Amino acid sequence: MTHSPQQPQAFFKQCLKAGFLTHLDTALACWCVEHGGDKYVAAAWALVNCATRFGHTCLPLQQEALDRIHTQIMLESSNQDLARPEAWTIFWDKYARIGAMRPALKKSELVANLPGADSRGTPLVLCGDALYLQRYWNYEQQVAQALGQLLRARPGAAATDEPKARAAAKDLQSLAATKAIQYPLMLLLGGPGTGKTTTVAKMMRRLIEVARAAGDPPPRFALAAPTGKAADRLEISVAQYFQAHDSDTIPCYETFTLHRLLGLVPNSTRARDDAPRPLPYDVIIVDETSMVDLPLMAKLLNALNLQRSRLILVGDHAQLASVSSGSILQDLRPSDPQISLPWAENTVVLEKNYRSDHKSGIGLFASMVRQGDASFDPKHTPKEWAQVHLKLVPDGRADMSLLINEAISSMSSHFEKITKADHVHTALGMMDSQRLLCMTRKGDAGIEQLNQRIAEKLTSGLGGSWYHGRPIMISANDYRLGLFNGDTGILWEDEKGFIKAWFRTQGQEVLADHSDQSLKVRYFLPHLLPAHETTYAMTVHKSQGSEYDHVWLLLPDHADHPLLTREMLYTAITRARKSITVAGLEQSFTKALRTPTDRYSGLRTQLIRLAQTGSPAIR
């Protein structure tokens, strides 16, 4: 039967109603049909939009990629526990067919087919077998061009002091400082406790020394991170280093979230009209780069003076990729030593762990997960792993429910003790002693249901959201109040019976009893707070940059969940200082251990092609 122009549109709306296409997926597919695209091009457009939602920057036209997107849509769908609706079967059997989509895309006027086509005027771009939304194609090109320009820049002079040069070859932190002088683009990678922020301070100090020796003014530094919490932590670490090691060398630096550095308008992709272009800094240092998505990196690179500024990217390449599309550190990660990467000379990977507990069970467990040791048997953990508790059960909903109830009971007991603390200082300190982490927001093992169940257990139907002892997390930046996405606090009743939101903050005026000078706090009236949520449990993504004495990690209740990855597991484990409990299905743990994050992206290939041909991509 031949479809009329209206039939595909009506069908896509059925897919929306069935719950496996979003409003935006459906709108794009319908627009495509209205503007001359056939049903296969429309389906491809909906699917590539789905791919960006799941963190990919493109969609390879391969069956494996489509199967992966199929699984991710199924698990995201509100109907995941129901029988598949008829529209689901028709979409995947009749519309999402590689053999039909590829020729339809190649002849569609809505698609720029590279090489040979102008990619600037079409909503879709097909480069080889990779289908892009125009916007993400542009982002990837911008990042590849800018990084390529920085990589092609002639290296500066190395340290002329021979003893220092010899020492740098043996000391990776000193080597990083030397490379920061030589190269306008520098990658500093390493896991927790390897001294990344100390190395950042050493690089700053060395750059100042070189400028002084040359008779030049000291460089202006911008320290930036994706979240306010990470930016504050970087600023504190740098300040402490210079106070302890060299009071005569005072770097000129400012600290920002990346959004604030770039002057991005909240809830928008554009910059303020008064945002500086280019950025007026000689050295830009970005911490927690693993959390930076492709669009944000493109905006940062577009704001740089590529002829004058240095860019230093810092992060842990074994940690989670960004929540949004792209995986910059995954694309730039070190790989097989046999493969020569264009940025290998610009990269230093710190290996030595300076924390006293790096040989503890947690440290050994994290190392095993990072390496993806497929021979590991979770039923027989080494005796040295006393701090690691694996509560893994066979595939069964009843067993999983018992683990979820145990996690709820443990966390409820912990927060009940917090509410009885003698002071808000004590309560804030206790919050970091134990934390329940989850990989998902939805489902029985997701934070939304867990937070609700724990709150109901603790408040006994008290009702309302302003109650004593409620832990909260800020989810939107508010520069006026100095509260940022990821900041955690607690609602606490003061001596007059008024509920206030209290936050522990370094470098802020103490607004309460300051008997403990290391624990400074400030408060806000609850109705003044920016967007926030209850956080008895939080996602692993939101926990990045934080540490807790004891961590409960609850795995998803679906063993085939796409968030079950090695990087997710590693990130959760490295949040724990004293003990880690991993609870869930045996199959879930095994899948996470053996599944590295693999986001579809063309950035790595384009940078390698640039080094070989001088052009990052086919245009």
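The values are calculated or read from the model by the stated rules, or taken from the named source; none is laboratory data. Bear in mind the structure is a predicted one, so any value in this text is a computation, not a measurement. Cβ sites come from the backbone with ideal geometry, for glycine too, and all protein chains shown count toward neighbours. Protein only, heavy atoms only, side chains kept; ligands, DNA and RNA dropped before computing areas. Shrake-Rupley method; radii C 1.70, N 1.55, O 1.52, S 1.80 Å.
Over region 307-441, average the accessible area per residue using a 1.4 Å probe and give it in Å², no decimals.
The answer is 48 Å² per residue.
Give a residue-ordered list of calculated ³J(HN,Hα) values for region 375-381 (Karplus: 6.51 cos²θ - 1.76 cosθ + 1.60, θ = phi - 60°; whole Hz; x for Gly, Pro).
7, 5, 10, x, 7, 9, 7
Using alpha carbons only, how many angstrom separate the centre of region 183-223 from the centre of region 13-59?
Computed from Cα coordinates, the inter-centre distance equals 45 Å.
Let me cross-check Ile580: its accessible surface, 1.4 Å probe, with only protein heavy atoms counted, in Å² to the nearest 10?
0 Å²
Using modelled backbone amide H atoms (1.01 Å from N, in-plane), which distant-in-sequence or interchain residues come within less than 5 Å of Gln387's amide H?
Gly361, Ile362
In terms of modelled amide H atoms, which long-range or inter-chain residues lie less than 5 Å from the amide H of Cys252?
Close amide H contacts, sequence-distant or interchain: Phe221.
Fully extended, how many nm does the chain gain between Ile98 and Asp377 (0.36 nm per residue separation, minus their Cα-Cα distance)?
Length difference between fully extended and current span is 96.5 nm.
Go through (i) -0.24, -1.01; (ii) -0.21, -0.88; (iii) -0.18, -0.79 and flag the label whose value is the computed log10 I(q)/I(0) by the Debye sum over Cα atoms at q = 0.05, 0.10 Å⁻¹ for this structure.
(i)
Suppose all protein chains stay in the model; what accessible area per residue would a 1.4 Å probe give for region 1-77, in Å²?
Ligands and nucleic acids excluded, the figure is 42 Å² per residue.
Under a plain spin-label model, where a point goes 7 Å from the Cα along Cα-to-Cβ, how far apart in nm are Ala213 and Lys420?
6.2 nm
What accessible surface, in Å², does a 1.4 Å probe find on Lys578, ignoring ligands, DNA and RNA and rounding to the nearest 10?
Approximately 110 Å² for this residue.
Just to be sure I follow the definition: excluding the sites themselves, where is the longest run in the chain that has none of the GluC sites (Glu not before Pro) in a DSSP loop with at most 10 other Cβ atoms within 10 Å?
Result, exposed sites excluded: 1-350.
Could you list the residues of region 207-251 with an amide nitrogen less than 18 Å from a label point located 7 Å from the Cα of Arg308 in the Cα-to-C-beta direction?
208, 211-212, 215-223
Amide H of Thr539 versus every other amide H placed in the peptide plane: which residues, excluding those fewer than 5 positions away on the same chain, fall under 5 Å?
Cys438
Would you mind telling me the share, in percent, of accessible area of the chain contributed by carbon and sulfur at probe 1.4 angstrom?
C and S fraction of accessible area: 50 percent.
Is any residue of region 99-130 close enough, with backbone N under 16 Å, to a label point placed 7 angstrom from the Cα of Asp67 along the Cα-Cβ axis, and if so, which?
99
Taking a 1.4 Å probe, which of Asp432, Asp560, Asp331 shows the most accessible area, and what order do the others take after it?
Largest accessible area first, the list is Asp560, Asp432, Asp331.
Among the DSSP beta bridges whose two residues both lie in the chain, what percent are antiparallel, rounded to the nearest 5?
35 percent
Placing +1 on the Cβ of each Lys and Arg and -1 on the Cβ of each Asp and Glu in the chain, which of Ser324, Met400, Leu187 has its Cα farthest towards the positive end of the resulting dipole?
Toward the positive end, the furthest listed residue is Leu187.
Treat every Asp and Glu Cβ in the chain as -1 and every Lys and Arg Cβ as +1, leave all other atoms uncharged, and give the resulting dipole magnitude about the Cα centre to the nearest 20 debye.
For this selection, approximately 1000 debye.
Cut-off under 25 Å on the C-alpha distance; same-chain residues fewer than 8 positions from Lys542 excluded. Which lysines are left, in chain and number order?
Lys196, Lys229, Lys299, Lys391, Lys417, Lys442, Lys457, Lys500, Lys520, Lys578, Lys591
Of the options Pro471, Ile98, Cys438, report the single residue whose Cα projects farthest towards the positive end of the charge dipole of the chain (beta-carbon charges: Lys, Arg +1; Asp, Glu -1).
Result: Ile98, furthest along the dipole toward the positive end.
Let me have the relative contact order for the chain, percent, based on Cα pairs under 8 Å that are six or more residues apart.
14 percent
Which of the helices in the chain, when you take each full DSSP H run, stretch at least 24 Å along the axis at their Cα atoms and have an average Kyte-Doolittle score of -0.5 or higher?
196-213, 228-245, 397-419
Tell me whether region 324-457 comes out rounded, prolate or oblate; compute the Cα gyration tensor, take square roots of the eigenvalues as a ≥ b ≥ c, and use a/c under 1.5 as the rounded threshold.
The shape class here is prolate.
Putting +1 on Lys and Arg Cβ atoms and -1 on Asp and Glu Cβ atoms, find which of Leu47, Pro526, Phe365 reaches farthest to the positive end of the dipole of the chain.
Projecting each Cα onto the dipole axis, the largest value belongs to Leu47.
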